[in-house]
Structure formats: structure tokens, C-alpha cells
Ligand SMILES: Nc1nc2c(ncn2[C@@H]2O[C@H](COP(=O)(O)OP(=O)(O)O)[C@@H](O)[C@H]2O)c(=O)[nH]1
Ligand SMILES: [Mg+2]
């Protein structure tokens with residue numbers, strides 16, 4: 001809980017300075033479901049808007065693929081290179097109850113903990129794909145405090161597409177297996193990731209073959225023909241093999257975004273998608289359609305420059321509710 005009496009602006013200052021207990025308090029605040037805390041949370045997020053410049057990297061893949069192990073290795077390595085690192089883990093097995101996380105099985109690895117990586121875990125709640133509005137807001141806080149922020153989330157396929165809206169780089173972790181191409185394609189995962197990592201190369205000769213299958217699938221599944229194909233790497237998170245190459249690939253993707261218009265475009269599209277998803281969850285497609293009937297969602301979002309995503313969600317929510325109150329419930333104003 002944030003300390004009573006501490007203003008959101010003071011808390012934002014502590015977050016920007018990388019003060020860990022301030023970051024923890026800020027995360028609690030944006031995750032606080034009580035309406036009374038919402039105003040403070042929005043003030044905090046507005047104050048951090050534009051300051052959340054840390055890089056956001058998503059790590060996704062099936063349960064057991066080795067995401068957490070890989071993050072432990074990656075985060076440790078990045079810390080040794082002098083970067084400050086945070087990990088946000090979305091735990092699909094846990095539900096929130098009375099403020100406590102139940103069934104939170106992710107434990108940060110020993111080496112990352114020793115290196116000073118900041119760790120936080122969020123319950124997946126009941127949303128498809130395991131991502132909630134709070135995930136985006138938590139990343140906004142973390143990216144204001146740390147150079148690099150990872151978000152680990154289970155999942156493949158369309159239900160997980162939301163992760164793409166939250167990060168600048170998405171890494172997919174695969175396990176070596178024979179004949180997986182069809183599965184990968186069916187699950188629709190080839191379209192989104194910016195980097196693929198076939199893990200557990202220490203266990204199986206099949207890692208190289210799985211990588212070739214992924215490359216073939218990417219050729220088929222991404223007809224955008226822009227020329228650039230996401231790199232497909234092999235390695236072992238357990239043995240620390242391929243970690244530097246993965247960091248290079250992630251940095252390479254960051255550099256290519258920075259060189260082109262793609263970076264700002266992706267960020268803008270991600271913000272819009274977060275807003276659209278949150279409103280659709282709150283009000284259904286009918287509510288969203290009503291809002292869009294007034295003006296394009298882009299225009300309504302553009303009308304709030306410098307505001308946090310959460311602030312815009314609440315403002316547009318108020319507009320939807322006012323519309324309902326006006327027409328459906330008989331114009332009480
Ligand atoms: N042999 C081998 N085992 C690994 C490797 N990476 C992870 N594991 C093991 O795979 C299991 C699942 O790993 P975890 O990181 O929890 O997977 P997650 O569910 O994707 O986060 C654990 O028992 C790990 O020790 C690897 O590179 N090689
Ligand atoms: Mg894990």
C-alpha cells in the first residue's frame with residue numbers, strides 16, 4: 001500500500017529515481033481495485049507519462065519452455081553490463097484474493113536476485129490471454145524506473161496477442177520438438193514475435209531442426225515481404241548458451257525500430273489497442289461502438305495528449321456511461 005499522505009507526485013518522483021520501495025508502492029497503487037484509490041493512481045500515471053522510457057520486452061511461450069530460466073540468465077547478464085532491470089511475471093495459475101497472490105509459482109532465480117533485478121508478479125485474473133489492464137499500467141510504472149523491463153507471460157496464439165500491444169520487442173521461447181511447424185502455424189504464433197529462441201539445445205539434437213522449421217514457417221506466415229525476418233536463435237538458458245546472441249538480437253530489434261518510423265508507430269498502435277481492449281472489456285463491443293459512432297477512437301485518444309493510457313480509458317469510459325445514462329436510462333444529468 002502506498003503511504004497515506006504521500007502525494008502521487010512525490011511517489012512519481014521516487015519511481016523516476018528508481019527507488020525500489022517507491023516502485024513497489026506505485027505498483028500496489030495501480031493494482032488497487034478500490035475506486036477511492038483510482039484518482040491517485042491516475043495522477044501517478046499521468047506524472048510518469050513521457051518518462052516511461054525504459055525498454056519493454058515481452059517473453060512468451062508455452063509453460064515449461066524455459067522462460068523464467070531464460071529471464072534469470074538474461075537479466076543477470078544485463079545487470080552485469082550495467083543496466084537496471086525489472087521483471088514482471090504474469091502468473092496464469094494465480095488469482096487474487098484479499099490482496100494476496102495465491103498459487104504464485106514463479107520464483108525469481110538466484111542469480112537475478114543476487115544481481116539486484118527487481119521482481120514483481122501479477123495474478124492473471126480471469127482475462128483471456130492472462131493480461132489485464134493492470135499489466136499495462138504496471139509496465140508504465142516499471143519503465144519509468146528501470147532501463148529494461150521484461151514481462152513474462154504464458155501463452156500462444158491469438159488469445160495472447162495482447163502482449164504485442166505492451167512491448168517494443170517480443171521474444172518467443174520454443175522447445176525443441178519434431179514436426180512442430182503445423183502446431184506453430186495453427187497457434188498463430190509466427191506472426192507476432194520479433195525474435196525466436198529455441199531453448200534447451202543442451203537436451204536435444206532437435207533444436208536446430210525446430211529452428212529451421214520456425215524459419216520456414218515465418219517465410220510462409222509473414223507475407224508482408226518487407227525483407228526483414230525475425231531472427232531464430234538456439235541456446236540453453238540452463239547452461240547460459242546463446243544469451244549474448246539473444247541480447248544482441250533484442251538490441252538489434254530496438255535499433256531497427258529507432259532507425260525507422262516503426263518505433264513511434266508501434267507505440268501509438270499499442271496505446272490505442274490497450275484503450276480499445278480495456279473499453280471492450282468494460283462495456284462490450286456495444287459500448288465501444290457507441291463511442292466510435294461519435295468520432296474515430298484515434299481522434300478521441302489524440303484529444304488527450306500527454307495523458308496516461310489509464311486516464312484516457314477512464315475519460316472515455318465516463319463518456320460511454322454518460323451516453324447510456326442519457327439514452328437508455330432516460331436523461332438524468
Ligand atoms: N535442460 C534444460 N532445461 C531447462 C532449460 N531451461 C529451462 N529448463 C528447465 O525447464 C523447466 C521449466 O523451466 P521454466 O523456466 O520454469 O519454464 P517456464 O514455464 O517457461 O517459465 C525447469 O525445470 C527448468 O529447469 C535449458 O536450457 N535446458
Ligand atoms: Mg515461468
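For the list (1) outside the structural domain of residue 140 (by TED's automatic domain parsing); (2) within 18 Å of residue 138 (Cβ to Cβ); (3) surrounded by fewer than 20 Cβ atoms within 10 Å (Cβ to Cβ), I need the number of the one condition that residue 47 fails. Of (1) outside the structural domain of residue 140 (by TED's automatic domain parsing); (2) within 18 Å of residue 138 (Cβ to Cβ); (3) surrounded by fewer than 20 Cβ atoms within 10 Å (Cβ to Cβ), only one is false for residue 47: (3).
The C-beta contact set for the range 3-18 (first residue outside the structural domain of residue 149 (by TED's automatic domain parsing) and assigned to a helix (DSSP H, G or I), second residue modelled with pLDDT under 95 and loosely packed, with under 14 Cβ neighbours inside 10 Å, distance under 9 angstrom, 6+ apart or interchain) comprises 11/3.
When you scan the range 102-117, do you find a residue that is modelled with pLDDT of 80 or more and within 16 Å of ligand 2 (Cβ to nearest atom), even just one? The answer is yes; a qualifying residue exists.
Of the listed requirements (1) at pLDDT 75 or above; (2) in a loop (DSSP other than H, G, I, E, B); (3) within 25 Å of the chain's Cα centre (by Cα), residue 224 misses just one: (1). Across the range 52-82, the number of residues qualifying as away from ligand 1 (no atom under 15 Å from the Cβ) and farther than 24 Å from residue 270 by Cβ comes to 4.
Considering each residue of the range 265-280 in turn, none proves to be surrounded by fewer than 19 Cβ atoms within 10 Å (Cβ to Cβ), part of a helix (DSSP H, G or I), free of Cβ contacts under 8 Å to residues at least 12 places away in the same chain and not assigned by TED's automatic domain parsing to the domain that holds residue 324.
Residues in the range 71-87 that are under 18 Å from residue 163 (Cα atoms) and more than 9 Å from ligand 2 (Cβ to nearest atom): 86, 87.
Of all residues in the range 50-70 being part of a helix (DSSP H, G or I) and buried (at least 23 other Cβ atoms within 10 Å of the Cβ), which is nearest to ligand 2 (Cβ to nearest atom)? For the range 50-70, the residue satisfying everything is 67.
Restricting attention to the range 227-246, the residues that are at pLDDT 90 or above, surrounded by fewer than 16 Cβ atoms within 10 Å (Cβ to Cβ) and farther than 16 Å from residue 66 by Cβ total 1. Looking only at residues in the range 9-42 that are buried (at least 16 other Cβ atoms within 10 Å of the Cβ) and farther than 12 Å from residue 141 by Cα, the one that is modelled with the highest pLDDT is 40.
The values are calculated or read from the model by the stated rules, or taken from the named source; none is laboratory data. Remember, predicted model here, so these are calculated numbers, not experimental data. When we count neighbours, we look across all protein chains shown, and the Cβ atoms used for this are built from the backbone with ideal geometry, even at glycine.
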